[in-house]
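In what follows, a structure is listed as structure tokens, so that the remarks can point back to it.
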Amino acid sequence: MAQIKYIGSNADHLYNDGDQVETDILNYVKEHKKNEYWDILSKDSRWPGFYHLSDMRENILNWYDFKPEADILEIGAGMGAVTGLLCEKAKSVISVELTHRRAEVIYNRYTEYDNLTILVGNFNEMEFMQKFDYITLIGVLEYAPGFTTDGEPATFIRKIKSLLKPGGKLLIA
């Protein structure tokens, strides 16, 4: 079973697509299975629902040849658009998400994965005791300066680089 750990304070007010639509998405994933998402999306045409629940977003990494024994750090997991794919391709996945509600969406979508840990809080305030084979930044880098103490993307990238194993890969989209 997936684990969820709350590291920081609730930051839902700092970053979201709207309280109502994100609450609706959370309720969708609590009440429906993944194979029912298209039915939901056909009735709810709001962009955030499609963006977060469509399996089309997995195309961004489904072609990548991850090592099956890999440890992956997913920074800025959103509502888990690629988290399930990562769990299927790797030994372990740590997904970092800033907001409580989005992390709860990820947990409810992928609770069956034993290799998933969701850390909730600001990545820049977290300490990691392990190194990773892959680190993903999907739709994250452009927001990084707003969540670092000095506002510099280079500071963010240096921290990420320090978390890679020798020969590790940083995947940015």
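Pairs of alpha-carbon atoms within less than 8 angstrom and 6+ residues apart define the contacts here; what relative contact order does the chain have, in percent?
It rounds to 27 percent for the chain.
What ranking of MET129, MET79 comes out by heavy-atom accessible area, probe 1.4 Å, highest first?
Solvent-accessible surface, decreasing: MET129, MET79.
To the nearest 10 degrees, how steep is helix 19-31 against the longest Cα principal axis of the chain, on a 0 to 90 scale?
Relative to the chain, helix 19-31 is tipped by roughly 80 degrees.
List, in order, the whole-Hz ³J(HN,Hα) value for each residue of the range 147-161 obtained from phi through the Karplus relation with A = 6.51, B = -1.76, C = 1.60 and θ = phi - 60°; use x for Gly and Pro.
For the range 147-161, the Karplus curve yields 10, 9, 5, 9, x, 9, x, 4, 4, 4, 5, 4, 4, 4, 4 Hz.
With Cβ to Cβ distances under 14 Å as the rule, what net charge do the other residues near ASP19 carry (K, R +1; D, E -1)?
Neighbour charge sum, excluding ASP19 itself: -2.
Identify which of SER42, SER92, SER54 has the largest mean-square fluctuation in a Gaussian network model of the chain, with springs joining Cα atoms closer than 10 Å.
Checking each option, the largest mean-square fluctuation is seen for SER42.
Quick check for you: with a 1.4 Å probe and neighbouring chains kept, what is the accessible area per residue of the range 28-85, in Å²?
Averaged over the residues of the range 28-85, the accessible area is 54 Å².
Please list, ordered by chain and number, the residues whose modelled amide H lies under 5 Å from the amide H of PHE132; skip anything fewer than 5 residues away on the same chain.
HN-HN under 5 Å from PHE132: LEU164, LYS165.
Tell me the net charge near LYS161. Cut-off is 15 Å between Cβ atoms, LYS161 excluded, with +1 for each Lys or Arg and -1 for each Asp or Glu.
+3
Using each residue's phi in the range 86-93, evaluate 6.51 cos²θ - 1.76 cosθ + 1.60 at θ = phi - 60° and report the 3J(HN,Hα) Karplus result to the nearest Hz, with x for Gly and Pro.
4, 4, 6, 9, 9, 5, 9, 9
Based on the alpha-carbon gyration tensor of the range 1-108 and its eigenvalue square roots a ≥ b ≥ c, which shape applies: rounded if a/c is under 1.5, prolate if not and a/b is larger than b/c, or oblate?
Taking the square roots of the gyration eigenvalues as a ≥ b ≥ c, the range 1-108 is oblate.
Kindly write out, for the range 96-104 in residue order, the coupling ³J(HN,Hα) from the Karplus curve 6.51 cos²θ - 1.76 cosθ + 1.60 (θ = phi - 60°), rounded to whole Hz, with x marking Gly and Pro.
For the range 96-104, the Karplus curve yields 9, 9, 5, 9, 4, 4, 5, 4, 5 Hz.
The values are calculated or read from the model by the stated rules, or taken from the named source; none is laboratory data. Nothing here was measured: the structure is a model prediction, and the numbers come from that model. Cβ sites come from the backbone with ideal geometry, for glycine too, and all protein chains shown count toward neighbours. Accessible surface is based on the protein model in full, side chains and every heavy atom, while ligands, DNA and RNA are left aside. Shrake-Rupley method; radii C 1.70, N 1.55, O 1.52, S 1.80 Å.
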